[in-house]
Each structure stands twice: as C-alpha cells, then as structure tokens.
Amino acid sequence: MIKHLRSAADLDAATATLILDTAGEMAALAGREVKKLPTLRGRTVVNLFYEDSTRTRISFEAAAKRLSADVINFSAKGSSVSKGESLKDTALTLQAMGADAVVIRHPASGAPHRLAAWVDGSVVNAGDGTHEHPTQALLDAYTMRSRLGRLDGLRVAIVGDVLHSRVARSNVLLLTTLGAQVTLVGPPTLIPVDIAAALSPSTKVSYDLDSVLPDMDVVMMLRVQTERMQDSYFPSAREYSRRYGLDLARMRKMPEHAIVMHPGPMNRGMEIAPEVADSSRSTIVEQVANGVSARMAVLYLLLGGKA
Ligand code: NCD
C-alpha cells in the first residue's frame, strides 16, 4: 500500500480498485445501528484545513471517528496561522504531537507534497489550490461504479470551470487509470490548453455541451469558482448558464440511464438548474454519503489495515 495520497496519480488501477472495494465494505457499516469499527483505536488523525470546506471536512471527521481514531480538527482561522506561523512550523507541531495521519486542505497547489517531507505520518490531500482532490475522485468513481456497475469503458463528461478545478484534474487521472473515457467540456477560456495531453492523452475536449450529452453515461458538473477568478472568463452568468448550464431540456438529451453528478457546493441556477440537481438522476446527495465510506477506506488502508 502507498503511504501518502497526494495525487490521484499515486494510485495504480489495482490500488484504486482495492480502495473502492474497501469503501464498499465500509458502506455496509453505515447501515448498521452501531456505525463504528475499532480499527484505528489509539491512532491520531489531524484535519488541517487552511481553506473553507463543508462536505470534505465533515466527511473526513466522520470517517476517522467511525474507525475509532482520535481526531484533531485544526482550522487556520483562529489558530497561530493568523499570527503568521508557517506551514512548516505547524507541521513540526503536529509531528511533536504524534499525528499518524494528516489530512490537509490548502490554497497552495503542492502543499501536501511539502508537508509529507516534514511529518512521519501519512499525508492525505483534501484539496490543494487548483491542483488535486484525490479523495473526491475516489468517491466519484465509487458512486459511478455503484450506480452504473462498472468504470471500464464508461463515458464521462466533466463540464464547466475545468481551469480552477482540482476535482476535474483528480477525476481525469483516476478515471482514465480505471479505463473510463473522459471528455472535458466548457468555454475555451476555462479549459487549459493542452490539459488533456498533460493529464492523459485519451482525454477529449469539447466546447459544445449539447453535442456531447447524447453520448455520455455520466455528466459531472463543476462549480464556477468565482473566488479563484481574477479576470472575466465569460460575458455574464446568464450567458454561461445558457451555453454550459445543465437544465431540464439539456438533461433530456442524455441517455436514459445516464447520471448527473456535482461535487458541491453548487451554484443553483448557474451551472446546474435546481430541477436537475434534485432529480432522480442526480447523485449529489449519494456522493456525500459515499464520501465518508471512501475516506474511511483511504484512512484504513494508508494506516496499515488489510483489505
Ligand atoms: C470541491 C472543492 O472544494 O474542491 N468541493 C468539494 O470538495 N466537495 C469543489 C468546489 O469547491 O467547487
């Protein structure tokens, strides 16, 4: 087993499949009255969050607690980080406290890689800048597999603000490792030139959402990340949603079995219409539930559990 999960590229097909299978076993636990396993008793998991988060943070906390680990939640707001403490000094503090795993979310791409050099425990990337979010990709893959039965050969469109999306990058890497065919869709200003070639040569790019929808098994909508935008990438929100928003009329162009995904948080009415987000084809709430199982599997396997 690998020691750290910094990038979806850390996972080969066998390791990724092992994590998904283990997540399946963890999910079975969620149906029980007592949702706890003693596996990580006596181990310490630190959640180190330098950026806002709802789902990911709660999910990692629930995952560690269900495995009986001691959980320490650290958020940069209200800590010595606001007094100017560096990531390295914070890392050395965690190291001194004996963290077995550090889950980190940070606005700087590459922060988990630096952290791994400073602590002895496992490092799990919970989102670094616009770079990667590997556990999101795992829970997304898990959701696709449980809804559609397979990943190999699955046709997946990832739609919208690819430029700023760590979710998109990790998904492309993981999904292609597992044999899916990914198409990135969005306005040219929000799809980095050569991204497909850089991440995986089999990935396609399209600027025309309507033309790709009939061929997809999965349509994953991305949040338009205005907080990361210094320039204007499209004329107006209205214009964006007219061309790249998933509304009911567009959803009807998808094959009958196809599902709609979104990592959350959503801009309802912008990239996704409320009727689509709340429809039976949407897996958005399921993704959140699966997130706990996927993160339990990751913590369990990284910290030395057997399959
Ligand atoms: C994503 C993130 O923070 O990268 N959300 C999440 O983890 N569920 C996507 C986003 O913020 O748009």
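Assorted remarks:
- Checking ILE58 against (1) assigned to a helix (DSSP H, G or I); (2) in contact (Cβ under 8 Å) with a residue 24 or more places away in the chain; (3) of a type in the set (A, V, I, L, M, F, W, C), the condition it does not meet: (2)
- Boolean, SER59 is in the same structural domain as GLY121 (by TED's automatic domain parsing), open to solvent by less than 30 Å² (accessible area, probe 1.4 Å), within 16 Å of the ligand (Cβ to nearest atom) and closer than 19 Å to LEU302 by Cα: yes
- Within the stretch 185-285, helices (runs of 4 or more DSSP H) holding 3 or more residues that are at pLDDT 95 or above: 209-212, 237-244, 248-251, 274-277
- Residue check for THR54: outside the structural domain of LEU138 (by TED's automatic domain parsing), β-branched (Val, Ile, Thr), within 16 Å of the ligand (Cβ to nearest atom) and closer than 25 Å to GLY110 by Cβ: yes
- Counting the residues of the stretch 11-31 that are more than 21 Å from the chain's Cα centre (by Cα) and either open to solvent by less than 40 Å² (accessible area, probe 1.4 Å) or under 18 Å from LEU303 (Cα atoms) (or both) gives 1.
- Matching entry among VAL45, VAL71, VAL81, VAL34 (being open to solvent by less than 20 Å² (accessible area, probe 1.4 Å) and at negative phi): VAL45
- Listed conditions (1) assigned to a loop (DSSP other than H, G, I, E, B); (2) of a type in the set (Phe, Trp, Tyr); (3) under 21 Å from the mean Cα position of the chain (by Cα) are all met by TYR300, apart from (1).
- Residue count for the stretch 187-230, restricted to those that are open to solvent by 50 Å² or more (accessible area, probe 1.4 Å), within 27 Å of HIS257 (Cβ to Cβ) and among the polar types (S, T, N, Q): 2
- Residue in the stretch 133-150 that is open to solvent by less than 20 Å² (accessible area, probe 1.4 Å) and assigned to a strand (DSSP E or B) present: no
- Members of the stretch 162-184 that are within 16 Å of the ligand (Cβ to nearest atom), open to solvent by 10 Å² or more (accessible area, probe 1.4 Å) and assigned to a helix (DSSP H, G or I): ARG166, VAL167, ARG169, LEU173
- Subset of the stretch 1-21 (residues that are at pLDDT 95 or above and touching a Gly at 6+ places or on another chain (Cβ under 8 Å)): ALA13
The values are calculated or read from the model by the stated rules, or taken from the named source; none is laboratory data. Treat the numbers as computed from the prediction; the structure is a model and nothing was measured. Note: ideal-geometry Cβ built from the backbone for every residue, glycine included; neighbour counts use all protein chains shown. In case anyone asks, the SASA skips ligands and DNA or RNA and just uses the protein heavy atoms, side chains included. Shrake-Rupley method; radii C 1.70, N 1.55, O 1.52, S 1.80 Å.
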